[in-house]
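Novice: For reference, the structure I am asking about is given below.
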Amino acid sequence: MEGIRIGVLASGNGTNLQAIMDACNRGEIPGRVVVAVSNNPKARALGRARLAGIPAVAMHHRAFPDRDTFDAKLVEILHSYEVDLVCLAGFLRVLGPSFIRQFPERVMNIHPALLPAFGGLGMYGDRVHQTVLESGVRFSGCTIHFANEAPDGGPIILQAVVPVYDTDTAQTLAERVVAEEHRLYPEAVKLFAEGRLQVVGRRVRILPAREAAAASTE
Ligand code: GRF
């Protein structure tokens, strides 16, 4: 069984891309990463994909006249690799509605906090953890959600919680969160690949394995 074809978009280090590729290689996800794309030609994510023998495409957003042209090229690349699922893994470009419409309920994103808190435009990287610390909350975590037209706004698939300690800095909190991200993202992709995610309005229902198998043979 070949499983699903996954396209990953990443702008930076690519540790979530790595976690997804590793889970595919271990046979935990029925599918494989077929292409990685970055808007940052220097992204370590591209090197990780190449090392794994996966096509890695760099397309600098500044080489495009506007967002729509950039998004259209991305769509073209992802369609050419026949991807079933697009995973945003530290991808620091906002994708427009025309992109999302091409992959309805088939674009996932990871956010390093418990949405709907600490999300939205401009909330990325250390700024998220800094804002979490300043707010005084006792818990943070990460969220995997389907992307829709609102930044960090789509239906939530999975969340993991970590404690926030009095002694935390943005960096120590980020390390605790990222360890959970590497566990959670592959888990969400696995559920998708098994056909176990059903979007009902704002909510995502996780079907038991048996129910999903029955639905796919109906
Ligand atoms: C992660 O913390 C993710 O939540 C955020 O960007 C970071 C990406 O890290 N959106 P990496 O590139 O996967 O290492």
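Values quoted throughout were computed directly from the atomic coordinates according to the rules given, and no laboratory measurement underlies them. None of these values were measured; they are calculated from a predicted model. FYI the Cβ positions are ideal-geometry reconstructions off the backbone, even for glycines, and counts take in every protein chain you see.
Novice: How many angstrom separate the Cα center of the range 26-54 from the Cα center of the range 157-218?
Specialist: Centre-to-centre distance over Cα atoms comes out at 20 Å.
Novice: Sequence gap at least 6, Cα distance under 8 Å: using those rules, report the relative contact order of the chain to the nearest whole percent. Spell out each step's value before the answer.
Specialist: Details: 411 pairs, mean separation 40.1, N = 218.
Computed over the chain, the figure is 18 percent.
Novice: Among the DSSP beta bridges whose two residues both lie in the chain, what percent are antiparallel, rounded to the nearest 5?
Specialist: Details: 15 of 32 bridges.
Of the beta bridges lying entirely in the chain, close to 45 percent run antiparallel.
Novice: Of the chain, which part is the longest with no trypsin sites (Lys or Arg not before Pro) in a loop (DSSP not H, G, I, E, B) and with at most 15 other C-beta atoms within 10 angstrom?
Specialist: Working: sites that count: R26, K42, R138, R202.
The longest such stretch corresponds to 43-137.
Novice: The range 50-137: which GluC sites (Glu not before Pro) are DSSP loop and have at most 11 other beta-carbon atoms within 10 angstrom?
Specialist: On the way: sites: E76, E82, E105, E134; in loops: E82, E105.
For GluC sites (Glu not before Pro) across the range 50-137 that sit outside H, G, I, E and B with at most 11 neighbouring Cβ atoms in 10 Å, the list reads E82.
Novice: In a Debye calculation with equal point scatterers on the alpha-carbon sites of the chain and no solvent, what is log10 I(q)/I(0) at q = 0.08, 0.09, 0.13, 0.18 Å⁻¹?
Specialist: Calculated log10 I(q)/I(0) at the listed q: -0.27, -0.34, -0.73, -1.39.
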